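The values are calculated or read from the model by the stated rules, or taken from the named source; none is laboratory data. Keep in mind that this is a model prediction, so the values were computed, not measured. Cβ coordinates were reconstructed from backbone atoms using ideal geometry, including for glycine residues, and neighbour counts include every protein chain displayed.
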Amino acid sequence: MNALISLNDVCKSFGGIVVADHISIDIHRGEILGLIGPNGAGKTSLFNLISGVYPVDAGTISVAGQSLDGLALHRRARLGVARTWQNMRLFATMSVLENMLVAPRDYPGEKISHIIFRPKQVAAASQLLRERAMVILGRMKLEAIAHANVNDITFGQQKLVGLARALMNDGDCLLLDEPMAGVEGVAYDTMKTIVREEAAAGRAVCVVEHNVSFIKDLCNSAVFMASGKILERGSVDTLLSSKTLADLYFGA
């Protein structure tokens, strides 16, 4: 089975700091892959390489067989690379719904010529996107706060909005960077449900997370990283029983 997301011998360093040391990973449709390891292991850096925040020094990254080499962030997003961020990066002066509407892969209103010469098409597309956004918010039980400013909602709700915004990109690649950090209660259970549903719908999901219980509950397999290297990979139970992981992650 061909991988949806494929990293082949990827390398990246900043001076003497190596964040990706010959990394090769395949993620398939329907899979939830966990990336675990101590702070500074290079997990978020891999997401930055896939999404285009950093260029690779060597190696290749492809999505659905198409190389991402040289593509800007927005072009990778249009190919279906969607992600969340550790600090969420929500637009503080905008409502929940407005934050959602910046994320779709394709919107005719982005072109001035379409606004001038195809106003009906733009209006119809805008309405469809609003409806889709409300459906996603409904799945997360957030439709009641759609018009609230993101600064006026709880932290857990903000984390869910970050995921909801990523889902507005209806591509097949979903990268989740510490989605559970600071999340508990209803928001925690909702996050797990949504991630499961997205994988079941055929997305390739990769999760960076320090919450080991979350990884164990959701992930088909996991990769353990440290100092930019993959040290071990396999089932979550296998990694959790690894002495290498215990020594580096939890302390010897």
Worksheet item: Quick one: in the stretch 170-215, which of the residues that are among the β-branched types (Val, Ile, Thr) and under 28 Å from Ser242 (Cβ atoms) is modelled with the lowest pLDDT?
Response: Val212
Worksheet, complete the sentence: Within the stretch 123-164, the residues that are within 22 Å of Asp106 (Cα to Cα), of a type in the set (A, V, I, L, M, F, W, C) and modelled with pLDDT under 95 are Ala123, Ala124, Ala125, Leu128, Leu129
Worksheet, complete the sentence: Taking the stretch 54-85 and keeping only residues that are surrounded by fewer than 14 Cβ atoms within 10 Å (Cβ to Cβ) and under 14 Å from the mean Cα position of the chain (by Cα), one is left with Leu73
Worksheet item: Looking at (1) in contact with a Pro (Cβ under 7 Å, 6 or more places away or on another chain); (2) outside any helix (DSSP H, G or I), can you tell me which one Leu163 breaks?
Response: (2)
Discussion item. Could you check the stretch 137-158 and list, in sequence order, the residues that are assigned to a helix (DSSP H, G or I), under 13 Å from Phe91 (Cα atoms) and touching a residue at least 24 places away in the same chain (Cβ under 8 Å)?
Written reply: Val150, Asn151, Gln158
Worksheet item: Is there a residue in the stretch 191-207 that is in contact with a His (Cβ under 7 Å, 6 or more places away or on another chain), surrounded by 15 or more Cβ atoms within 10 Å (Cβ to Cβ) and not basic (Lys, Arg)?
Response: yes
Worksheet item: So Ala41 fits all but one of (1) part of a loop (DSSP other than H, G, I, E, B); (2) assigned by TED's automatic domain parsing to the domain that holds Ile194; (3) surrounded by fewer than 20 Cβ atoms within 10 Å (Cβ to Cβ); what number is the exception?
Response: (3)
Response to the item:
Of the residues in the stretch 56-73, those that are assigned to a loop (DSSP other than H, G, I, E, B) and touching a residue at least 40 places away in the same chain (Cβ under 8 Å) number 4
Worksheet entry | Some residue of the stretch 90-99 being without any contact (Cβ under 8 Å) to a residue 40 or more places away in the chain and either loosely packed, with under 15 Cβ neighbours inside 10 Å or not assigned by TED's automatic domain parsing to the domain that holds Gly15 (or both) | yes
Worksheet, complete the sentence: Scanning the stretch 171-208 for residues that are in a loop (DSSP other than H, G, I, E, B), of a type outside the set (Asp, Glu) and over 13 Å from the mean Cα position of the chain (by Cα) gives Ala181, Gly182, Val183, Ala201, Gly202
